[in-house]
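**Q** I'd like to ask you about the structure that follows.
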Amino acid sequence: MSRFTGRVAIVTGAASGIGKEIALRLAAEGGIPVIADLNLDAANKTAAEIKALGTSKGGSGDAFAVAMNVTDEAQVEKGVADTIAKYGKIDILVSNAGIQIVKPIVDFPFADWKKLLSIHLDGAFLTTKACLKHMYAAKYGRVVYMGSVHSKEASKLKAPYVTAKHGLIGLSKVLAKEGAEFNVASNVVCPGFVRTPLVEKQIPEQAAELKITEAEVIKNVMLKDTIDGEFTTTDDVADAVLFYAAAKSCVHSGQSAVVSHGWFMQ
C-alpha cells in the first residue's frame, strides 16, 4: 500500500506548475487529487491526464476537477461540498494558488495590493475553513500551505507577496494549535525560485523595473544567494509537501520547511 492510498487531497491552483506536480505525485502514490483551479478546462485536462496514467505502479488512477476562485467563499464552499458528495471525505488540503505582482511600494496600486493578499491569504483562510469541519469530524487532516523563502526573507518590489507569505506562517501556527485535538496538522513549504510560468513572467518584468538584463535578473537577483546558482524544481517542492501531507502524527505541526538551495538557512 502506498502512503496516500485512498487519501482525498484538494490542491488549489493545481492545473499547472507546482500544484500540478503535487497532484501528479499524490496520484502516483495512491492519492485522489482534487484539481481546484480558476481555469476549469485546464483542471479537467490535468484530471484526465491523471486518469490516463491509470493504476499502474500503485497509482490511484482517479482525480476530480472543480472550478475554484479561492477568493470567492461560495465557490470554495461548493468545491468542497462537491468533493464531499463524490468521495465522502477530505484528508488533505494543499493551499497552493497564488499570483505575483512586482512594483516598488511607492508605485504599488492599492487594488493590486488587495488582489494579491486576497488570493494568498483570503484563499488560504477560506479553503482551510471549508475543509476543517470535515477534517475535524473525521479526526484527521493534513493542511499544507505554499509559502516561499519570502515567508522568511524580503526582496525589493514584492511588498504584498512578502507580507502574504509571512502571513501564511502565522495562519499555519494558529491552525496547528487549534487543530491538534482533532489530529489535524498544519505546515508551510517555502520554496526558492522555481521556473514556473509565475517566475518566467517575473524575469522580464524585473529586468525592466531594475534596468538590467534578464540573465542578470536570474544570476544577480533570483539566484545570487543560493549556494550553487540552481533553481528549485517542482519535484523538490512536491517532495516537501508530500512529506508533511503523509505525516503519521502532529509531530511536525506548526513547522515550515525551506526548499531553496540554501538561499535562506535557519
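**Q** List the residue pairs whose Cβ atoms are under 7 Å apart, where the first residue sits in the stretch 242-266 and is touching a residue at least 60 places away in the same chain (Cβ under 8 Å) and open to solvent by less than 50 Å² (accessible area, probe 1.4 Å), the second is of a type in the set (D, E, K, R) and not in a loop (DSSP other than H, G, I, E, B), and the two are 6 or more positions apart or on different chains.
**A** Once the first residue is touching a residue at least 60 places away in the same chain (Cβ under 8 Å) and open to solvent by less than 50 Å² (accessible area, probe 1.4 Å) and sits in the stretch 242-266, its partners that are of a type in the set (D, E, K, R) and not in a loop (DSSP other than H, G, I, E, B) give L242/R25; Y244/R142; A245/R142; A247/R142; G254/K173; V259/D236.
**Q** Among all residue pairs at least 6 apart or on different chains, which show Cβ distances below 7 Å where the first residue, located in the stretch 47-59, is more than 20 Å from G13 (Cβ to Cβ) and the second is open to solvent by 60 Å² or more (accessible area, probe 1.4 Å) and in a helix (DSSP H, G or I)?
**A** If the second residue must be open to solvent by 60 Å² or more (accessible area, probe 1.4 Å) and in a helix (DSSP H, G or I), the pairs left are G59/L53.
**Q** Tally the residues that are at pLDDT 95 or above, closer than 16 Å to G229 by Cα and open to solvent by 50 Å² or more (accessible area, probe 1.4 Å), restricting the search to the stretch 182-215.
**A** Here the count works out to 2.
**Q** Can you pull out the residues in the stretch 216-238 that are open to solvent by 50 Å² or more (accessible area, probe 1.4 Å) and in contact with a strand residue (DSSP E or B) (Cβ under 8 Å, 6 or more places away or on another chain)?
**A** Once the filter is applied, which keeps residues that are open to solvent by 50 Å² or more (accessible area, probe 1.4 Å) and in contact with a strand residue (DSSP E or B) (Cβ under 8 Å, 6 or more places away or on another chain), the stretch 216-238 yields T233, D236.
**Q** Here are A215, A240, A207: which of them is in contact with a Cys (Cβ under 9 Å, 6 or more places away or on another chain) and outside any loop (DSSP other than H, G, I, E, B)? Write out each step before concluding.
**A** Working: A215 fails: in contact with a Cys (Cβ under 9 Å, 6 or more places away or on another chain); A207 fails: in contact with a Cys (Cβ under 9 Å, 6 or more places away or on another chain).
From the options A215, A240, A207, the qualifying one is A240.
**Q** Among the residues of the stretch 75-93, write down those that are of a type in the set (D, E, K, R) and either in contact with a Cys (Cβ under 7 Å, 6 or more places away or on another chain) or under 17 Å from T5 (Cβ atoms) (or both). Let's see the steps before the verdict.
**A** Pass one, the stretch 75-93, residues of a type in the set (D, E, K, R): 77-78, 82, 86, 89, 91.
The answer is K89, D91.
The values are calculated or read from the model by the stated rules, or taken from the named source; none is laboratory data. Note that the structure is predicted; figures quoted are calculated from it, not measured. Here the Cβ is made from the backbone with ideal geometry for all residues, glycine too, and neighbour counts use every protein chain on show. To get the accessible areas, we keep the full protein, side chains included, count just its heavy atoms, and leave off ligands, DNA and RNA. Shrake-Rupley method; radii C 1.70, N 1.55, O 1.52, S 1.80 Å.
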